[in-house]
1. Check residue 157 against each of (1) outside any helix (DSSP H, G or I); (2) in contact with a helix residue (DSSP H, G or I) (Cβ under 7 Å, 6 or more places away or on another chain); (3) modelled with pLDDT of 95 or more and name the one condition it does not meet.
2. Which residues, taken from region 313-323, are more than 17 Å from residue 291 (Cβ to Cβ) and surrounded by 14 or more Cβ atoms within 10 Å (Cβ to Cβ)?
3. Suppose we filter region 67-116 for residues that are crowded, with 16+ Cβ neighbours inside 10 Å and in a strand (DSSP E or B); how many remain?
4. Which residue out of 197, 186 is outside any helix (DSSP H, G or I), under 28 Å from residue 253 (Cβ atoms) and in the same structural domain as residue 31 (by TED's automatic domain parsing)?
5. With respect to residue 286, determine if the residue is under 23 Å from residue 321 (Cβ atoms) and surrounded by 15 or more Cβ atoms within 10 Å (Cβ to Cβ).
6. Pairs please, first residue from region 134-162 and outside the structural domain of residue 75 (by TED's automatic domain parsing), second anywhere and modelled with pLDDT of 95 or more and part of a helix (DSSP H, G or I), Cβ atoms under 8 Å, 6+ apart in sequence or on different chains.
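The values are calculated or read from the model by the stated rules, or taken from the named source; none is laboratory data. Everything numeric in this text was worked out from a predicted model, so none of it was measured. Note: ideal-geometry Cβ built from the backbone for every residue, glycine included; neighbour counts use all protein chains shown.
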């Protein structure tokens, strides 16, 4: 694979790369490169985490970068998820989350042996440089900036929070440097942490990131936040509305179960959720099914065939997301036909996850999860 091909694979279906020049420099360096993405342990794994994120993880693995998944138990504890019970968080992390992400990786064609899982609390305990690096990051970042950055926890800027939550951004940045991760991969909602990481990179005395003894800034790779299935709070959307804010507010949420498809949902459950979901005819922007077609289907397929009854126009062959958007805007494709295609596609795509969690060890792990998240 050429450098150009590697760059294109990493860049595809990303919202932002900071910066493309640094990405090219890293790939041309010949160094052994490390990637990481971190996940709070906050319930069931949905399509955004299981498919969108893991597809990008596979892209990194395919270009020869060593991929790492941080199971962020301390961050989850700080953010009061799962009742803030650290022992429950750890159990779910090392059992359900590890197995769920490994199985989701199979769904996108990956080999789970590629994946290197890191439990944050264990990593911190074994790494003497971690907490000094947290302090080093904090010393090079203002309090005002930390307060602005609590949005990465899903909090509103200016919201009153306990002090531990102000430590969270510095800890997330320290993860990158202490882990020697050249690529920090996250959703766009984590952008503020990655920008801090780049801003402090050349000021750190502990755990500086290097390429051939040269101190460098980590490359931030921001991926799409997959839309949830619920109707947005504002519809139709005013022309002057903050679309970035709307995108974040509409993202798939595990706390709203009918807004999300979980990787191990049954076939009936997938079809039920999709049947009742928001899908306005002729509207392609902020339509979850058009969004899913772009990031879940056309990330894998060059062309598709949507099967329709002859009285509904017969089968429809579509090549790419641009053609789909045009057809849908022109009302040449009915929402129900699009929904049926997406449901059929996901039922087949998620088969490895569904089969794993329906029996044996997977069924036991899912049962334990259900019990723990109700505690």
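1. (3)
2. Within region 313-323, the first condition is being more than 17 Å from residue 291 (Cβ to Cβ), and the residues that meet it are 313-317, 319.
Scanning region 313-323 gives a single hit, 316.
3. So the count comes out to 7.
4. Values: 197 fails: outside any helix (DSSP H, G or I).
When all the criteria are applied, what remains is 186.
5. Criteria met by residue 286.
6. Hits for this filter: zero, empty list.
Per-residue answers, yes or no, for (1) within 17 Å of residue 191 (Cβ to Cβ); (2) assigned to a helix (DSSP H, G or I); (3) without any contact (Cβ under 8 Å) to a residue 60 or more places away in the chain:
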site: 6; (1), (2), (3): no, yes, yes
site: 17; (1), (2), (3): yes, no, no
site: 21; (1), (2), (3): no, yes, yes
site: 26; (1), (2), (3): no, yes, no
site: 32; (1), (2), (3): no, no, yes
site: 43; (1), (2), (3): no, no, no
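So that you can scan it fast, the table gives a plain yes or no per residue for (1) touching a helix residue (DSSP H, G or I) at 6+ places or on another chain (Cβ under 6 Å); (2) farther than 18 Å from residue 306 by Cα; (3) surrounded by fewer than 17 Cβ atoms within 10 Å (Cβ to Cβ):
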site: 251; (1), (2), (3): no, yes, no
site: 260; (1), (2), (3): no, yes, no
site: 263; (1), (2), (3): yes, yes, no
site: 275; (1), (2), (3): no, no, yes
